[in-house]
Every structure is written in structure tokens, then in C-alpha cells.
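**Student:** Before anything else, here's the structure in question.
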Amino acid sequence: MTPMLRAIVLRLGSAALTLLIVSSLIFAALEMLPGGFAQATLGQAATPEAVAAFNKELGLDRPALVRYLEWLGAAAQGDLGVSYAGGSGSARRDIATLISDRLYNTFFLAAYAALLAIPLALALGISAALWRNSWYDRVVNTSTLAAIALPEFFVAYVLIYCLAIKLNLAGALSNVDASTGFFEHLKKATLPALTLTLVILAHIMRMTRASIISLLDSPYVEMARLKGTRPAKIILRHVLPNAWAPIISIIVFDLAYLISGAVVVEVVFVYPGIGQLMVDAVSSRDMPVVQACALIFAVTYVGLNLLADIMTTMTNPQLRYKA
């Protein structure tokens, strides 16, 4: 086994162990939530006997460890279980079917935000490095830092007030469904995508700027300057190819955030994604749905971070040699 392949196998093992730990923490946290689906469904006036009978029907009267191991084994085979909501027996909805459309909506929103944020962040980072310590550099850094320092819900409400209420350029709610066409979906997802863009813009921009500036004093850059090469050409042709490793890492990290961290944005805009579904399921104590959503977020986050780690190793000769 080559050193590179060994490093990838070790990272895969580490990712699998992380997911196992995360799944146990998810289950334990849900077990500690006050109340339960039976109590939420039957109401506060329900008798203990009625609650106990309902829990027995759902299988919630069994030990937590048994239920966790059954859930983990089923999830490992791709079976996310059935939702408590919708009645009993065959009337309950399969969770995989329940979240399929929601998953598409979340990935659509993440891809939309990424297509807006990544080119803009790279352009701002390269131009800020090209004119570092200028008024432009200070304005870009200050603006992006201000955007990332503000809470997501605050940015979302500011955009709703400015673009939806005052200028009437977009709708305040992103209520899409399966019948919504692509371009209509694009229009309704614009405000949530802009919110996520402002949240991740500073990360990529500042990493791009820092990576480029750290290489500007390299001997090969000095040689290019002595030959009279234009500054923009030096950055694009000589500096940027050697700065990709940390830039790719932060881009993939932010892609993971766009998928797993968009819960607040989806709730504010009533966007029917996985985050909105998870919040609704927590409110109704529909634990299988909460577990499935949290597991999807965890797999996405860990998987993309694993991809960032591998890509960073493969694009950096020094790390590739050490691996």
C-alpha cells in the first residue's frame, strides 16, 4: 500500500469513527429532551396510562441502548425508518421518502449560494492581494468581516426589509414545492442564497488573500517581477496555482457549512429544506425524523471535510510526500 493510499484509508477510518460518535451523541441528546412524541400528540391532559400505551405501540418502552443499536444497524443499511407522525402501522410515512424532496431543496440552495459566493470571494481575494494595504483592501476586508460577524437571522431580516419590502425585488418567503419550475425556484431561493453568500464570503476571500500574499515574496515571484511581468499575470499564472491547497480546503469546508448550517436561513424564509423539516420534527418530538436529518447533516459535513483533507494533501507536494 502506497503512503498516499494508506493516508486516505486512515482518514476514512477516522471519518467512520467520527460518524459513530456523532450518531451516539445525536441519539443521547434526543433522549434527554423533555417530553416525547406521545406527550406532544396526546396533549398535557393525557393520562400516564395513555402515554405509556402510546409509547408501547411505538416501541419507545424498550431500553434506549436497544433502540439505538437497532437504529444504527438500519441506518448503516440505508434504512432511516418511519416517521411517528401520520397514524399507526402502514399509515406512517417512510422517512427516506419524506426527506427526498427536502434534500433536493437544501442541495439546490447550497449550490446556488456556492455559485454566487465562490467566484465573488476569489475575485475579491485576488484583487485585495493585488492592491494590499490600499483603501480598496481595507474596504473589502472591513465589509466582509462585518457581514460574517452579524448573525444569520439578522442578515436575513435585513435583506428581507431592503430587497423584499422596500425595493420589492424578491419575495420574503421561499415557499417552493415539487411543482415549482427551475427558474421560479431560482427566483424564490435568491434571498436565502444571498444570506448564505454573505455568511461564507469572508472565509474564502480572506484565505485567498492570505495565501496569495504569503507567496508574493517567493524567489520565483521576484524573478517574474524582474522580468517585467505584470502584477495580475504574476498572481494568476505563478502565485494562484501554488496557493490552491488552503483555498480548496476552505471552499470545501464552507460547502459543508452551506448544507449543514443553513437551518436558521431555511426557518427564516420558510424554505422547505432539511433544516426546516428538522426544526418541525423537534417541535413535534418526531425523533426518527430528527435523527435522520441530523445524521444526513453529519455525513455531509464529515464527508466534505474528508474530501477537503484529501484534496489538500493531493494538491500540496510537501503534504503528498509526507502522506
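**Student:** So, Val290, is that one open to solvent by 40 Å² or more (accessible area, probe 1.4 Å), at pLDDT 75 or above and not assigned by TED's automatic domain parsing to the domain that holds Ala29 or not?
**Tutor:** Criteria not met by Val290.
**Student:** For the range 175-231, name all the residues that are outside any helix (DSSP H, G or I) and over 26 Å from Leu258 (Cβ atoms).
**Tutor:** If the condition is that a residue be outside any helix (DSSP H, G or I) and over 26 Å from Leu258 (Cβ atoms), then Leu216, Asp217, Ser218, Lys227, Gly228, Thr229, Arg230 are the ones that fit.
**Student:** Identify all residues within the range 248-287 that are more than 19 Å from Tyr112 (Cα to Cα) and crowded, with 22+ Cβ neighbours inside 10 Å; write none if there are none.
**Tutor:** Leu277, Met278, Ala281, Asp286, Met287 - these are the residues of the range 248-287 that are more than 19 Å from Tyr112 (Cα to Cα) and crowded, with 22+ Cβ neighbours inside 10 Å.
**Student:** Evaluate the following for Ala164: is it modelled with pLDDT under 85 and of a type in the set (A, V, I, L, M, F, W, C)?
**Tutor:** So Ala164 does not fit the description; no.
**Student:** Then there is this: Can you work out which of the residues in the range 44-86 that are farther than 22 Å from Ser24 by Cβ, part of a loop (DSSP other than H, G, I, E, B) and without any contact (Cβ under 8 Å) to a residue 40 or more places away in the chain is least open to solvent (accessible area, probe 1.4 Å)?
**Tutor:** Taking the candidates together, the pick is Ala46.
The values are calculated or read from the model by the stated rules, or taken from the named source; none is laboratory data. Keep in mind that what you see is a predicted model, and the values were worked out from it rather than measured. Here the Cβ is made from the backbone with ideal geometry for all residues, glycine too, and neighbour counts use every protein chain on show. Just so you know, the surface numbers come from the protein's heavy atoms only, side chains and all, with ligands and any DNA or RNA stripped out. Shrake-Rupley method; radii C 1.70, N 1.55, O 1.52, S 1.80 Å.
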